[in-house]
Amino acid sequence: MNRPVKTGPAELARQILHQSDGPLTRQLVRTPGGFGLGQVPERLAPDATTTAVCGFCSTGCGLEVHLKGGAAINLSPARDYPVNIGMACPKGWEALAPLRAKDRGTVPLLRNAHGELAPVSWPVALDTFTQRMKAIQKKHGPASVAFLSTGQIPTEEMALLGALTKFGMGMVHGDGNTRQCMATAVVAYKQAFGFDAPPYSYRDFEESDVLVFVGANPCIAHPILWERVCKNSHSPEIIVVDPRRTETAMAATQHLALAPKSDLALFYGIAKCLIERGYLDQEFIARSVSGFEAFAAHVADYDLAATSEATGLAPDVIERVVDTIGRGKRVSFWWTMGVNQSHEGVRLAQALINLALITGNIGRPGTGANSITGQCNAMGSRLFSNTTNLLGGHDFGNPDHRAKIANILQIDESLIQQEDGLDYDQIMERIMAGKIKALWVVATNPAHSWINQADAQDILSRLEFLVVQDMYTSTETATRAHLYLPAAGWGEKEGTFINSERRISLLKKVARAPGEALADFYIFKLIADAWGCGDMFRGWSSPEAAFEIMRELSRGQPCDITGITGYDMLDDRRGVQWPLKEGEDVEVKSERRLFEDGHFFHSDGRARLLFEAPRAVPEPTDEKYPFVLLSGRGSSSQWHTQTRTGKSAVLRKLYPSEPYVEVSPVDASKLELQPNEWVTVESRRGKYRARVHVTHVVRPGQVFVPMHYPTANLLTLAAFDPYSRQPSYKHCAVRLEKIDAFG
Ligand code: SF4
């Protein structure tokens, strides 16, 4: 879909709007330039069924979208898709509902002299964006403007945004909301394996004889992956490490309800026992692992008694886990946010990687140290967003990498910065300090999701110019914008997502965006032209053209995708996992894992054992705030800040509409709390009212709140892992106060 570009932003806006109009059937057509506008093909009649990958979570389920009269009216899970094999969770079934919401943005909005957001044309919006951003840069320097992106948009859009901002607009700092979910896994893998490389395929869920889930509740958070566990025919041992008796813990064969944030001590204690009992793969360690002697010396202090004391687990419980792992033939370790969102998440993730490495449980079916991703395209963000690493998993600090990228993009090498930009929390700090004056927020909602919300809202209010580009005008961040740009959502545009098992899948346009809302890709193109750097991105003429560029960017990298010939191949093969080098091919439905040859990405080919003494929790409980606050996903029907899932009447029926807090029966009795009564949950930073849910799921001294309600982050503490700068959402001190009948 090559779009002629001859004049300024007004003409370009007209052209893009014109081309975005028209019957849906015109937009589903496969043309030589990619999915896009053209003649209606006979195979895609107005009543056709087409496919698209789901746009909520990182599982990446294949969906079949059913059209009637040229409109997407329904969908069902794809039975031939290797990820979900005919299954979908409630969010997937309801994926079309958020597109029809009343608060969709249909035109750009600009805050007027009365402080109200009022409609303006695209040319006015683009002109305002450009003038104000440039004026701030001129006065305060290029680093005075920054962007925050997302794991929810296609990789092609992330790559274009990252290239535009950093190479075209001279921005130095930009990060994404993937900092909030995956940064820890990224750093852990990079340091241990030499590249950010989740090693597994989903088939490993079915092939393990021991599965260890840490800080993960796949029954709720990744239900289709849990379905894959249920297909395991080896009667596996399922070990769940979680302070809370989650739905997954209830289904486990062993649940280790350890003291919150004692995981690192537990895994070092397990490692010591594995070493003592000879449960090691000596040959694998000798061939593929470095640092074993130092690691063995480090864990020598974590004897059974000390580990039991640190974790609150009985010695025989720990010993049983050690023997289960040690005797297992195919042991896999899985983690999600309970590990990543920790003040010591990187070392914790590496403690699991260490267990897999010393027992040789990697690179074979049913094994691996496996981080399950969160958002549908967190993996795309990790490789191609050009935020904290250079496009294609390269390093800003590496001159060879800079030269390679400059050559592929045909840009002056001096445009590529020589060091990483700031991380999300550091960008927020710079705003607070008055050094960053303008922020461009794309498809994320920091006024709700960033840790310590009151602080976050104060920080956002200090900006001279806040631009929010989003599907909805109503998010907590969009309502604060000076300029709002209406964006198309999932299903209204094309591109690719990369899921947790590294599978690149195709998103197709199955619905028209409302009004003048545009795909983020074309908003970026418009801004490039308005800024005056459009020529730099002429080759990025469509998402599929951008994918061609991404292929080249990946060449020679561990994530090499030069063997993916284009969108056709992704469609035909039902997604393709990276890597796939030029000349290689894969069978339909193939599921591949990394490191089968025992060779890792460090220059010596070895994986590294990395470790460190546990750190004290940043905010321990005390007399005034006696409860540990745990947080997490509430149900399979809710997604993050509920910006989209809250739009579905079906999904809303599947979870409580009011904030609630889980309290143990012991504590409820002490505080004389009755089920469903209102209580105040308060931390040192804020408080809110929630209904009491009395349950044995949490232990005495702990309470749990779901993350989806806007109030949850009033409580959380802005503490971060020192290596990944990922926020520690999962632990702080709170108190509960009964609200009397008249309160
Ligand atoms: S499990 Fe994730 S990818 Fe699959 S349908 Fe549900 S939200 Fe979509």
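Summarising the overall dimensions of the chain from its C-alpha atoms, the Rg and Dmax are 25.1, 74 angstrom. Counting only alpha carbon atoms, the long axis of helix 315-327 and the longest principal axis of the chain meet at about 60°. Normalised radius of gyration (Cα atoms, divided by 2.2 N^0.38 Å) for segment 279-355: 1.20. Peptides 310-316, 435-441, 398-404 ranked from most to least packed, by the mean per-residue count of other Cβ atoms within 10 Å: 435-441, 310-316, 398-404. Hull volume per residue, based on the alpha-carbon atoms of segment 374-505 and their convex hull, is 142 Å³.
Seen from every direction in turn and averaged, the convex hull around the alpha carbons of segment 102-249 projects onto 14.6 nm². For residue 316 and residue 124, the difference between the fully extended length at 0.36 nm per residue and the C-alpha to C-alpha distance is 62.2 nm. Would you mind checking the tilt of helix 9-20 against the longest principal axis of the Cα atoms of the chain, expressed as 0 to 90 degrees and rounded to 10? Result, in degrees: 70.
Ranking request for peptides 55-62, 274-281: highest mean number of other beta-carbon atoms within 10 Å first, then the rest in descending order.
Details: 55-62: 26.5, 274-281: 15.9.
The packing order, highest mean first, is 55-62, 274-281.
Extending 7 Å from the Cα toward the beta-carbon at both residue 294 and residue 458 defines two label points whose distance is 4.1 nm.
Size descriptors for segment 443-562, from the alpha-carbon set: Rg then Dmax equal 17.0, 46 Å. Each residue, residue 301 and residue 555, gets one label point 7 Å from its Cα in the Cβ direction; the gap between the two is 5.0 nm.
Per-residue ellipticity at 222 nm for the chain, helices alone: DSSP H runs ≥ 4 residues times -39500 (n - 2.57), over residue total, nearest 500 deg cm²/dmol? Mind showing how you got there, number by number?
Details: 27 runs with 229 residues, N = 743.
Taken over the chain, the calculation gives -8500 deg cm²/dmol.
Restricting the calculation to Cα atoms, every distinct pair contributes to the Kirkwood radius of segment 198-351, found to be 16.0 Å. With a Förster radius of 56 Å applied to the beta-carbon distance between residue 696 and residue 412, the computed FRET efficiency rounds to 0.35.
Quick one: if the Förster radius is 45 Å, what FRET efficiency do residue 400 and residue 135 give, using the C-beta to C-beta distance and rounding to 0.05? The value I calculate is 0.75.
At full extension, residue 73 and residue 684 could sit 215.2 nm farther apart than now, given 0.36 nm per residue minus the alpha carbon distance. Once the C-beta distance of residue 277 and residue 676 is scaled by a Förster radius of 41 Å, the resulting FRET efficiency is 0.25 to the nearest 0.05.
Note on segment 511-667: Kirkwood radius taken over Cα pairs, Stokes-Einstein applied at 37 °C and 0.692 mPa s, translational D equal to 148 µm² s⁻¹.
Ranked by the mean number of other Cβ atoms within 10 Å of their residues, highest first, the peptides 345-354, 608-617, 525-534 fall in the order 345-354, 525-534, 608-617. For the residues 635, 657, a 1.4 Å probe over the protein chains yields an accessible-area ranking, largest first, of 657, 635. When you work out D = kT/(6 pi eta Rh) for segment 326-445 at 10 °C and 1.306 mPa s, using the Kirkwood radius from C-alpha pairs as Rh and the Stokes-Einstein form, the result is 90 µm²/s. Computed with a 1.4 Å probe on the full set of protein chains, the accessible area for residue 644 sits at about 40 Å². Pairwise inverse Cα distances across segment 428-486, averaged and inverted, put the Kirkwood hydrodynamic radius at 11.2 Å.
The values are calculated or read from the model by the stated rules, or taken from the named source; none is laboratory data. Keep in mind the model is a prediction, meaning the values are calculated, not measured. Counting neighbours? That spans all protein chains shown, and the Cβs are built from the backbone with ideal geometry, glycine included. Ligands, DNA and RNA are excluded from the accessible area calculation, which covers all protein heavy atoms including side chains. Shrake-Rupley method; radii C 1.70, N 1.55, O 1.52, S 1.80 Å.
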